[in-house]
Amino acid sequence: MKRKPYSEEEENRLKELKKARFTDDERYRCLENLTETSQELSLIHCGRECCSPLHIWQGIRAEYIIHFVIQGKGVFTTGGHTYALTGGQMFLIRPDEKIIYIADEYEPWEYAWIGIRGTQVPHLLSSCGFRTGIDVLDAPELAPILSDIKEILDHHALTEANSLLRKSCLLHLLAVLVQYRRQQIPAAAAQEKSPSTRTYVTDAISYIKSHYEDPISVSGIADVLGISRAYLNKAFQQELGMSVQRFLIDYRMHCAANLLYNSAMNIQQISEAVGYEDQMTFSKAFKKKFGVSPSSYRKPSHPLPVYHEKQPSPPF
């Protein structure tokens with residue numbers, strides 16, 4: 001059902017919420033709702049807070065957020081895992097994932113954070129050590145990081161000069177994290193400790209299964225994993241004997257076949273449900289995979305064994 005238009009009061013409230021806002025008091029400093037300045041990397045918000053006992057935040061965010069625990073204790077839950085954190089650690093909140101974090105009752109934490117968005121963010125975070133399934137890391141010396149965040153907050157006025165200064169501070173902060181990661185894993189040992197091709201393939205398959213209905217690409221998957229498209233394709237060829245694109249299409253086609261047999265959705269709806277906006281492109285891909293059109297495949301007379309014969313076995 002189509003939503004009714006916002007009332008004038010609601011429109012004004014939404015506009016107010018989207019305005020850049022700076023808060024500065026004894027226990028909480030925050031600059032938020034910044035305008036995105038680049039498709040590649042933009043600072044959305046940052047701040048620092050001394051939390052009250054059992055202070056809690058839960059929900060879903062639309063950007064990546066790195067929290068740096070300065071002192072005290074707290075608990076962070078994401079992806080079904082719960083971490084008890086203390087000063088000197090950092091944790092990552094990813095977009096569209098339900099999370100919860102709570103300050104300790106007796107030693108509530110103090111932390112600082114940056115919220116960022118952009119096409120380069122997944123790769124940068126991977127370079128910082130935040131790979132698939134790794135959401136908590138030891139932080140480097142916090143002094144330069146806190147200095148950068150303070151500089152950003154001190155230059156909160158929305159001027160062109162301040163915007164450039166804030167971006168320079170953000171880049172410096174990320175450079176500190178990347179450099180620290182490289183120091184933790186020397187180049188000689190990195191080759192030995194780097195994830196195997198099987199690990200990358202497993203992570204890519206997991207990502208595909210969670211996002212196949214979205215307009216994802218091979219390059220996008222590689223960026224999420226922090227590797228090149230060429231290396232990801234090489235890993236798939238080595239482990240599965242097929243390209244990433246082939247696996248993605250096959251997986252979408254099997255999901256579509258399942259919907260054709262087990263739902264009342266029409267062809268266009270199924271097409272969109274497996275990541276195809278254009279029904280004709282979907283139908284061509286489906287026929288290439290199964291030898292029949294989606295509408296023919298759905299007929300009761302169509303042999304079900306064809307579906308099972310073409311199901312890929314689990315890779316590992």
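So here's what we get for this one:
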{"quantity": "Residue within region 106-116 that is crowded, with 18+ Cβ neighbours inside 10 Å, among the β-branched types (Val, Ile, Thr) and free of Cβ contacts under 8 Å to residues at least 60 places away in the same chain present", "calculated": "no"}
{"quantity": "In region 225-279, residue farthest from Gly133 (Cα to Cα) [restricted to those that are among the acidic types (Asp, Glu) and part of a helix (DSSP H, G or I)]", "calculated": "Glu272"}
{"quantity": "Odd one out for Phe130, checked against (1) surrounded by fewer than 20 Cβ atoms within 10 Å (Cβ to Cβ); (2) under 16 Å from Leu174 (Cβ atoms)", "calculated": "(1)"}
{"quantity": "Any hit, region 213-224, residues being touching a Pro at 6+ places or on another chain (Cβ under 9 Å), at pLDDT 90 or above and not assigned by TED's automatic domain parsing to the domain that holds Arg131", "calculated": "no"}
{"quantity": "Every residue from region 201-224 that is small (Gly, Ala, Ser) and outside any helix (DSSP H, G or I)", "calculated": "Ser217"}
{"quantity": "Unique match (being surrounded by fewer than 20 Cβ atoms within 10 Å (Cβ to Cβ) and modelled with pLDDT of 85 or more) among Ala256, Ala230", "calculated": "Ala230"}
{"quantity": "Filter result for Gly115 (in the same structural domain as Gly74 (by TED's automatic domain parsing) and modelled with pLDDT under 95)", "calculated": "no"}
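To keep it simple, each residue is scored yes or no on (1) under 30 Å from Asn162 (Cβ atoms); (2) surrounded by 17 or more Cβ atoms within 10 Å (Cβ to Cβ); (3) of a type in the set (A, V, I, L, M, F, W, C); (4) not assigned by TED's automatic domain parsing to the domain that holds Lys167.
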| position | (1), (2), (3), (4) |
| --- | --- |
| Arg27 | yes, no, no, no |
| Thr37 | yes, no, no, no |
| Ser42 | yes, yes, no, no |
| Gly47 | yes, yes, no, no |
| Ser52 | no, no, no, no |
| Ile66 | yes, yes, yes, no |
| Gly74 | no, yes, no, no |
| His81 | no, no, no, no |
| Ile93 | yes, yes, yes, no |
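The values are calculated or read from the model by the stated rules, or taken from the named source; none is laboratory data. This one's a predicted model, so the numbers in the text were calculated from it and none came from an experiment. For neighbour counting, all protein chains shown are included, and Cβ atoms are generated from backbone atoms with ideal geometry for every residue, glycine included.
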